[in-house]
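Everything on this sheet refers to the single structure shown next.
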Amino acid sequence: MSRPKYYITTAIAYASGVPHIGNTYEAILADAIARYKRLQGYDVFFQTGTDEHGQKVEDMARANGVTPKEFVDRTAGKIKTIWDRVNTSYDRFIRTTDEDHETQIKKIFKKFYDQGDIYKGYYEGMYCKPCESFWTASQLKDGKCPDCGRDVQPAKEEAYFFKMSKYADKLIDYINTHPEFIQPVSRKNEMMNNFLLPGLQDLCVSRTSFKWGIPVDFDDKHVVYVWLDALSNYITGIGYDADGNSSERFNTMWPADLHLIGKDIIRFHTIYWPIFLMALGLPLPKQVFGHPWLLQGGEKMSKSRGNVLYAEDLCDVYGVDAVRYYVLHEMPYDNDGTITWELMTERVNSDLANTLGNLVNRTISMTNKYFEGQVINSMVTEPVDEDLKKVALEASDKVFAKMDELRVADALTEIFNVYKRCNKYIDETTPWILAKDQEKQGRLQTVLYNLLESIAIATTLLKPFMPDTAKAIFEQLNVKERSFGSLKEFGLIPSGTVVTAEPKILFARLDVNEILVKAEEIRKKQAEEYAREHGTPAEGTAAGSSGAAAETADIVLEKKPEITYDDFAKMQFAVGEIIKCEEVPKSKKLLCSQVKIGNEVKQIVSGIKQHYKPEEMVGKKVMVLVNLKPATLAGVVSEGMLLCAEAPDGTLALVTPEKEMPAGAEIC
């Protein structure tokens, strides 16, 4: 009997530089999903890789004194090394410079041209080099690229265009009749309302102003536009042939079950890519999931800001599985997640060192101490055992249900609920007291057996997320991991099994101050590299240092009239958590935030739109003037004030608590 197939892809990483942890998160997420499907018995094909053509690559290669191919060979090698470092189990790492891919892109372009989907014309518009995208003036946001916020330049050149409007109605109908196609739903609504329903413009699919791309073989002045090139990797990588001689793998695996991508490129994958597939007469992927961003302390990572975290640095400090756990557990389903050195250290200590590591260590240690490592199920049961078994045996259904919805963080929580229940079971059964009574040795054996069995079940479920940790636990238990079909059976560890005599610490507790010292060393190294590359230090860093404020002349503080303590005492300040934020319509400066303060939510309007995007605000802990008299700004009621620091150049930064504090904590 053949196994059901599952084809999963990531977006291919642009080979212009080394991806940070926010980019690497996508590869880790896809890997966890792929491993989980393999656990269920699926025939999985997991594809990732690099997008290597375009003007930006050509320019960077020239700046580095190498050919574009030499440049992308070096960069793609670095990206593949990072994917390997975080233990991704991809089946193919495709490069858009691979010969089989380039051959098919030429064929696809010619096929589109021959069937009348592509025509030659001229393009005049605003061009964003980093995004490789053309925009009309009306599509710009504050005069900048609406995708990345960078500057755009006017451009005009001869180009081939794809007739997007020819397939637009068919795509709208497909999206309306396949609600699962674009996830989360908020992404679908954005695509429909902002792009499809207003009407699609024809898409530029070739360029003449640079040469680093796949040549249009019937018009050698042109190279294929990067998005037609890059998106098609999802079919070329599994053996699609535009002449009708596709491989058995393609015929088996297509359509893809899941395209996993960042929310910033959802438009390309849910509008352009489906239309290309329709033109090829191919079925559309079953689902496109636009995952949120991983932010550094609430801000997008940027080398120029000096706030970039790289997977390799984090793995060096915490270990691979700790990094995998953090990014998978701390990323919400449809809101941006946050990573900082402090938060990650706290999570490692609480979840990995304490809940998991300590549980495994003391269970094995007690088995060695009381029974020389021998595991015996004496079947001396008590009512408390049934709840532990229930939690362990119900875990697989809960985890699989969450994974089927791509709620990966929730799935991990369900697994750790088993470990937490095991820790509670130890407190309930008090093995150290049972050990003192010879008549209760059978009961003690049963207690330890139940713990080891529950750990084995939970660790089988943990393996897709933390494969090396799961392997280490099974080695220490001296048992094999469970099969998918046995996760609802309790009592499979054979009596007489002997656990390891010397259990190893899975995760040691970390000192946050020591971690921050290492973090500062990493920041300094990054700042020095940035200075070498650009001849100037990153924002917020002094030359030769990082993480500290740049050295500037002393600020002359404008003094205001003195106030009394009674004046000050009238003001109430508290920590608030921003749970929702959106732009105020028709305002260039205002954002409207819903701020949770204790048991209430206040609506606060702030003039910080030029400094923060709404999605960057969500999840931030901020300092709030709570009892400010409500006022109406641009037609919106504001019930408080967010406190900000302002630099001499007008740059604003929200004031946030130094340590993690609950929403509603009073500031005094």
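Taken together, the values in this text are just the output of simple stated rules run on the coordinates, not laboratory data. This one's a predicted model, so the numbers in the text were calculated from it and none came from an experiment. Virtual Cβ from ideal backbone geometry, glycine too; neighbours counted across all protein chains shown.
Considering all projection directions equally, how large on average is the shadow of the alpha-carbon convex hull of segment 14-136, in square nanometres? Spell out each step's value before the answer.
Numbers: hull surface 41.9 nm².
That works out to 10.5 nm².
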- [ ] Just subtract the alpha-carbon distance of T656 and A409 from 0.36 nm times their residue separation and send over the number in nm, one decimal.
- [x] 86.4 nm
TODO: Collect residues whose amide H, placed 1.01 Å from N in the peptide plane, falls under 5 Å from the amide H of V380; neighbours closer than 5 in sequence don't count.
DONE: T446
Open item on the list: Explain nothing, just compute: Karplus ³J(HN,Hα) = 6.51 cos²θ - 1.76 cosθ + 1.60, θ = phi - 60°, for every residue of segment 387-393 in order, whole Hz, x for Gly and Pro.
Closed with: 5, 4, 4, 4, 4, 5, 6
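To the nearest 20 debye, what is the magnitude of the charge dipole of segment 340-486 about its Cα centre, counting +1 on the Cβ of each Lys and Arg and -1 on the Cβ of each Asp and Glu? Before the final figure, lay out the partial values.
Numbers: 18 positive and 22 negative charges, 48 e Å.
Roughly 240 debye, rounded to the nearest 20.
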- [ ] Take the Cα radius of gyration of segment 565-667 and divide it by 2.2 N^0.38 Å, with N its residue count; two decimals is plenty.
- [x] 1.03
- [ ] Given a cut-off of 32 Å, name the pairs among K120/K300; K106/K156; K420/K609; K129/K463; K389/K471; K141/K602 whose C-alpha atoms lie farther apart than that in the structure shown.
- [x] K120/K300; K420/K609; K129/K463
Open item on the list: Explain nothing, just the number: dipole magnitude of the chain about its Cα centre with +1 on each Lys and Arg Cβ and -1 on each Asp and Glu Cβ, in debye rounded to the nearest 20.
Closed with: 640 debye
Task: Cβ-placed point charges (K, R +1; D, E -1), dipole of segment 436-521 about Cα centre in debye, nearest 20 - done: 400 debye
- [ ] Please name whichever of V595, L633, S606 sits farthest to the positive end of the charge dipole of segment 565-667, dipole taken about the Cα centre and charges placed at Cβ: Lys and Arg +1, Asp and Glu -1.
- [x] L633
Task: Cβ-based exposure ranking for R85, R207, R532, R347, in which fewest neighbours within 10 Å come first - done: R532, R85, R347, R207
Open item on the list: If I take R0 = 35 Å and measure r between the Cβ atoms of Q572 and Y333 in this structure, what FRET efficiency does the formula 1/(1 + (r/R0)^6) give, to the nearest 0.05?
Closed with: 0.55
Open item on the list: Can you give me the distance in nm between label points at E582 and T252, each placed 7 Å from the Cα along the Cα-to-Cβ direction?
Closed with: 4.7 nm
Task: Backbone HN-Hα couplings from phi across segment 178-188 [Karplus 6.51/-1.76/1.60, Hz, Gly and Pro as x] - done: 10, x, 7, 5, 10, 10, x, 4, 4, 5, 4
Task: Estimated vicinal HN-Hα couplings, Hz - segment 116-127 in sequence order (Karplus 6.51, -1.76, 1.60; Gly, Pro = x) - done: x, 8, 10, 9, 8, x, 10, 10, 9, x, 9, 10
Task: Cα-projected label distance for S165 with Y119, points at 7 Å along beta-carbon direction, nm - done: 1.0 nm
TODO: Would you please give the FRET efficiency between A631 and L140, computed as 1/(1 + (r/R0)^6) with r the Cβ-Cβ distance and R0 = 45 Å, to the nearest 0.05?
DONE: 0.90
Open item on the list: Quick query: amide H of R305 versus all other amide H atoms, modeled in the peptide plane; which residues come in under 5 Å with a sequence gap of 5 or more or a different chain?
Closed with: E539
- [ ] Rounded, prolate or oblate: pick one for segment 337-429, where a ≥ b ≥ c are the square roots of the eigenvalues of its C-alpha gyration tensor, a/c under 1.5 means rounded, and failing that, prolate if a/b is larger than b/c, else oblate.
- [x] oblate
Task: Nitroxide proxy distance, nm - points 7 Å out along Cα→Cβ at L492 and E70 - done: 5.5 nm
Open item on the list: For V216, what residues show an amide H to amide H distance below 5 Å, using hydrogens built from the backbone and excluding near sequence neighbours?
Closed with: H222, V223, V224
- [ ] Kindly state, to the nearest 0.05, the FRET efficiency for K440 paired with R532, given R0 = 60 Å and r defined as their beta-carbon distance.
- [x] 0.30
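Taking square-rooted eigenvalues a ≥ b ≥ c of the alpha carbon gyration tensor, is segment 208-311 rounded, prolate or oblate, where a/c under 1.5 means rounded and, failing that, a/b exceeding b/c means prolate? Please report the intermediate quantities before stating the final value.
On the way: a/c = 2.53, a/b = 1.42, b/c = 1.78.
Oblate, since a/c reaches 1.5 and b/c is not below a/b.
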Open item on the list: Given the -39500 (n - 2.57) contribution per DSSP H run of 4+ residues, what per-residue ellipticity at 222 nm results for the chain, rounded to the nearest 500 deg cm²/dmol?
Closed with: -12000 deg cm²/dmol
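Would you kindly state how much longer the chain becomes between A501 and D427 on full extension, computed as 0.36 nm times their sequence separation minus their alpha carbon distance, in nm to one decimal? Could you put the intermediate results ahead of the total?
Numbers: separation 74, 0.36 × 74 = 26.64 nm, distance 2.36 nm.
24.3 nm is the gain from fully extending A501 to D427.
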